[in-house]
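Here the structure comes first, spelled out in structure tokens, and everything after it is commentary.
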Amino acid sequence: MRDFLHVLWAVARRECVLTVRAPTQWLHPVVFFTMVIVLFPLGISPNQAALSPIAVGVIWIAALLASMLGSERLFEADHQSGALEQMALSSVSLYWVALIKVFVHWLFAGLPLVLLAPLLSLFLFLPMNEVWVVVLSLLLGTPVLAFVNAIGAAITLSTRGGSVLLLLICLPLQIPIIIFATGAVKAFSEGLPYEGYLAVLAALLSLSVVLSPVAIAAALQVGVQNR
Amino acid sequence: MWDWIKRTYHRWGSPRYFYQYARRGMVAAGLIAGVSLLVGLIWSLAFAPPDYQQGNSFRIIYIHVPAASVGMGFYALIAGCAFVSWVWKMKMADVVAEAAAPIGACFTFLSLFTGAVWGKPTWGTYWVWDARLTSMLILLFLYLGLMALRQSIASTSAGNKMCNLLAMVGAINLPIIKYSVEWWNTLHQPATFTITDSCHDHDGF
């Protein structure tokens, strides 16, 4: 048990150090998120009446695309350097390694988006009382996005030029998340019960935490064998 | 007798023998398919009585509904084959899954296209963001992703495995997508023909 935790801690620490040392990895999604949201008032209209109704959708679509941005590199460097092979050979199953890697990735690429959302929702004139629902939906939803992206990244590991492919594979699978997340905020703004939507998001989160590492680990195993 | 059954089963499960049998049977199967398609099309488009409400425009149902069920059914087939291949390593399942993806994608597209053509005279619009239409469109994207993935992996065995994984992930996700989209918006009538229900229970046609 101590060995197990030791390996997991080593993987988590290594991920953190590698990410911190390559600032572009975690800065890209944040900058992209901000830029996309700033473009919407320029492209549609600076009026509050035009922006306020679409604010939630814009924030969520920007978050969806931003979270996809860094994830194609999630396993690639480790795959090319051979570190992934070492992880596959280690005493800990790839399931846990995948879980840790995705969680650390979310910590650096997903959590900043959640923290930035209140500020950026000011740009889009989102009503003040709705901000916390948006933040909560992002907090529950962006980890699911990270897990789905990680499945895509692991599956496209042995492909050539995978970023468009990753988009094509992951976006359809992420549609439920954006539906339930924006649904929660819309229900809240109309005074309808919104807890159900958040509960479904939480259910999707727990489902993806438990199940997606299985798929990721299986794909990584194939990728390692096919190197 | 038992040995013969076992041998035949294993032979049909192996691409090498299957391709030999298939080459012999292909012309006959193609002929049967072509003739039945022709008979069905002529019968439905020329001889079936017009609908009392929609007149002749309803005839597209004879293409639209089968295309939709093939489009949806083939994804289930691919997912089933993916499971069989992943668990029992039957190579034939990979062959079937690979061949089924473009067919399923074509029929999904056909059902969307005929639906748009049919929607104009009956609903007054080519496209609405309705749950069934949207989930069909998403299904088409899933097919495209599957085909694109297979195209972009050079190694056949790795390509098969990755596609099988994606098909299984998609199969788990498909009900979630379907119900989420259904919550989101619904205008299309419920399925007219179901296997468990007699079609007299529904009005409409």
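Just so you know, all these numbers are worked out from the coordinates, no wet-lab data involved. Small disclaimer: the values here were computed from a predicted structure and weren't measured. Glycine gets a Cβ as well: all are built from the backbone with ideal geometry, and neighbour counts include every protein chain shown.
For region A:145-154, the condition holds for at least one residue, the condition being that it is at the interface with chain B (Cβ under 8 Å from one of its Cβ atoms), more than 18 Å from A:Ile54 (Cβ to Cβ) and either surrounded by fewer than 20 Cβ atoms within 10 Å (Cβ to Cβ) or aliphatic (A, V, I, L, M) (or both). Region A:1-72 holds helices (runs of 4 or more DSSP H) entirely within its bounds, and those carrying 3 or more residues that are over 23 Å from A:Trp132 (Cα atoms) and either of a type outside the set (Ser, Thr, Tyr) or touching a residue at least 12 places away in the same chain (Cβ under 8 Å) (or both) map to A:2-21, A:23-43, A:55-71. Evaluated against (1) crowded, with 19+ Cβ neighbours inside 10 Å; (2) of a type in the set (S, T, N, Q); (3) without any contact (Cβ under 8 Å) to a residue 12 or more places away in the chain, B:Ser85 falls short on exactly one condition, (3).
Among the residues making up region B:139-162, those that are at the interface with chain A (Cβ under 7 Å from one of its Cβ atoms) and buried (at least 20 other Cβ atoms within 10 Å of the Cβ) are B:Leu142, B:Gly145, B:Leu149, B:Ile153, B:Lys161, B:Met162. Filtered by the rule that a residue be surrounded by fewer than 11 Cβ atoms within 10 Å (Cβ to Cβ) and within 18 Å of B:Ala99 (Cβ to Cβ), region B:1-18 gives a lone residue, B:Arg16.
Scanning region A:30-73 for residues that are under 15 Å from A:Leu119 (Cβ atoms) and exposed (fewer than 15 other Cβ atoms within 10 Å of the Cβ) turns up A:Val31, A:Met35, A:Val38.
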